[in-house]
Structures are given as C-alpha cells and as structure tokens.
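See structure below.
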Amino acid sequence: MRRLLLLACLSCGSGPATATVVADLGSNVNAIALAGTDVYAGTADEKISRVSTTTGAITPFISSEPLESIATNATTVVWRNDLASQTVTRNDLRRAPLGDATQVATVADPVTIFGIDDAYAYFWDQTTISRAPIGGGGAMALATVSNVSALASDGVQLYYATFGPGPDANVYAMPRDGGPATPLAPQAFGGAYDLHIDDANIYLLQASGGGTTNASAWLLAKSGGKDPVRLPFDCAYFEGLALSGDSVYLTCQKSLGTKIVGPSVQRASKDGSSATVIGTVGSSASSLYPTAPAVDATSVYFGLGTAVMKVPR
C-alpha cells in the first residue's frame, strides 16, 4: 500500500536520515501539534487522535472535527475547523484540556487565523483581532485590522502579519492586552505567515506571489528597524517551521535542486548562517505534502499522507 512505501532509502550512511513511521492513521493527516509525549493529529476523516511518540499507540480523541490547523500549550489543545459543503459551513475555533475531550468548548466562531500562548487564544475574524482566555471565558477585541495572515504571541507582545498590496503590509507588534501596533520591518514586508518567536527574533515564511517557489523563510528582529534575513533552506515548496534550541526546522515538499527527491526535513541555524537536509522520505512520496513540523528533544515529527512520521533532529 502506498502509505507503507514511504521509507525508501534515498541516502544511506552519512547522508540525511530516512523518515520512519510513528503511526498510520488510515486517513490523510491535515495538521499536527506536540504536547509532551503525544502528537495530536487531525485527519481528513474529521477525527483528532493522540499518537504516542514513544510507542506509536493511537488513542482516539474526538470526531466530527474538520480540523485545518492545531496548536498546543502546557495545558490545552486548540484547533480551527474549516469545512464548506452544500449543507454545512464551519470556521469555528475549539479547545479542550490535553487528554480530555469531554470538556471540548468553542472559543469563537467564525475564525480565519489563530495563535495561542500560555493564557490566551488570539484570533482574527476577517475584521478584528480578538483574544479569549484559553481555559474559557469571553472574548475581548484588541484591534480592527484588515488582511491578517498570521498571529503569534510570546506572552508579552502579540505579533501579527498582514498581506498586501500596499506599504502597510508588514509584521507588527502590539501589547497582548491591546494598544498601538508597531511595524517591525523597515520597509513593506507582505505575505508573511507561520510566525514563530524566540527571545530575540520572529521566524516566518513569506509567500512568493508566484514563480517557481511558493515561499521563502526569514528571521526578523522583534526589536524592529532591521532588514529581514533570509534563511538558506534548499526548498521550492515550503510547508511549515518549528523552533527548538538554536535551530529552525522546516518541512519541504520539493527542493530547489535535484539531489533531494521528494519531501524533506531541513534544519537551519537561527542566525541564518547555514542549513542542512536532515531527513528524507524518498521519491515514492514525491506527490505528497508534509504538514508543518513539531519538535521535541530527540525528533522532528510531521504528517505525510496517512502517517505521522519522524526523523532525528
């Protein structure tokens, strides 16, 4: 079966590691998030499952959730549904305590973009950025903003990206309680998405707007006023980023060159000085698109086809 043919060795020995299957969920994986030793995975059959990173055991979490994106913090899993059919439309943001689907609740509806920190879920509904306590409670409007493409918070500031056209397209910082927003790039910088934050920088993907690649990866100083620095990934079709330690990790559907055939996992230094391919899945998966990655102390996890997979970090 196709999903079991993902382990063909592209480069054995000293080259990139070959990805291994943690668990096969039997339906295409839309998005994953990591919480402790569990991967929460949403699949095309509208189910969310918990997958043990140590044993590969699959525990059903909840069904009838057409998940499009997912995030976790120390206590909670939050996901956005996205479904449009002749009879049903869903764009709701939902949450549940980790491991306890009996307390699922709707955070907001409708929601287009969201991000979380330790205390709040932040979301955009096409006109307004708002926040709600992640454990439950009413929403509070923070800013009226158009064309938001990403949200993220470090627990002090809220960062959001907007897309063009026009000079106002940028990445902005504002107090997470609301207040004036400050553009961080010295010139217009539109199309940013998939924001990730450490103490000093924001790491992001930027849509290309056409051509032979779909995006590029950048770091942008949280302090503002500095030109973005491009991260040197060998990728034509970027899927998602994750941060851990001194590194930025990328899942890539297709590389720029011909040495790597099929999806890959890549690692770059946070200062943008170097990047390397650390894992591949082989040419048999060349038509599949990996999810954004999640990283723990030993491995990088991602969804590909019907499987949750991993490579050593």
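The values are calculated or read from the model by the stated rules, or taken from the named source; none is laboratory data. Note that the structure is a prediction, hence the values are computed from the model and not measured. All Cβ positions, even for glycine, are placed from backbone atoms using ideal geometry, and neighbour counts span all protein chains on display.
Observations, loosely collected:
- Of the residues making up the range 118-133, just one is buried (at least 17 other Cβ atoms within 10 Å of the Cβ), without any contact (Cβ under 8 Å) to a residue 24 or more places away in the chain and outside any loop (DSSP other than H, G, I, E, B), namely 130.
- Single match in 155, 115, 136, 166 (criterion: surrounded by 14 or more Cβ atoms within 10 Å (Cβ to Cβ) and in contact (Cβ under 8 Å) with a residue 12 or more places away in the chain): 115
- Where strands (runs of 3 or more DSSP E) fall entirely within the range 30-98, those with at least 1 residues that are among the charged types (D, E, K, R) are at 38-43, 47-52, 67-72, 76-81, 93-97.
- Checked against the criterion of being β-branched (Val, Ile, Thr), over 19 Å from residue 290 (Cα atoms) and more than 19 Å from the chain's Cα centre (by Cα), the candidates 75, 87 yield just one match: 87.
- Within the range 58-91, the set of residues being in contact (Cβ under 8 Å) with a residue 40 or more places away in the chain and among the aliphatic types (A, V, I, L, M) comprises 62, 71, 74, 77, 78.
- Every residue from the range 265-304 that is over 16 Å from the mean Cα position of the chain (by Cα) and surrounded by 24 or more Cβ atoms within 10 Å (Cβ to Cβ): 279, 280, 281, 285
- Looking only at the range 161-173, and only at residues there that are within 22 Å of the chain's Cα centre (by Cα) and part of a loop (DSSP other than H, G, I, E, B), the one that is nearest to residue 94 (Cα to Cα): 163
- Test: residue in the range 247-269 that is among the charged types (D, E, K, R), at negative phi and touching a residue at least 60 places away in the same chain (Cβ under 8 Å): no
- Matching residues in the range 283-313 - criterion: being part of a loop (DSSP other than H, G, I, E, B), more than 16 Å from residue 237 (Cα to Cα) and out of contact with any Asp or Glu (no Cβ under 9 Å at 6 or more places or on another chain): 296, 297, 298
- Of all residues making up the range 36-49, the number that are over 16 Å from residue 304 (Cα atoms) and surrounded by 21 or more Cβ atoms within 10 Å (Cβ to Cβ): 1
- Which listed residue, of 151, 219, 158, is within 24 Å of residue 278 (Cβ to Cβ) and outside any loop (DSSP other than H, G, I, E, B): 219
- When residue 85 is tested against the conditions (1) modelled with pLDDT of 95 or more; (2) more than 27 Å from residue 283 (Cα to Cα), the lone failure is (1).
- Pairs meeting the criteria (first residue in the range 212-241 and closer than 23 Å to residue 260 by Cβ, second residue aromatic (Phe, Trp, Tyr) and in a loop (DSSP other than H, G, I, E, B), beta carbons under 7 Å, at least 6 apart or on different chains) are 217/233; 239/289.
- Scanning the range 16-30 for residues that are of a type outside the set (Val, Ile, Thr) and under 24 Å from residue 268 (Cβ atoms) yields 16, 17, 19.
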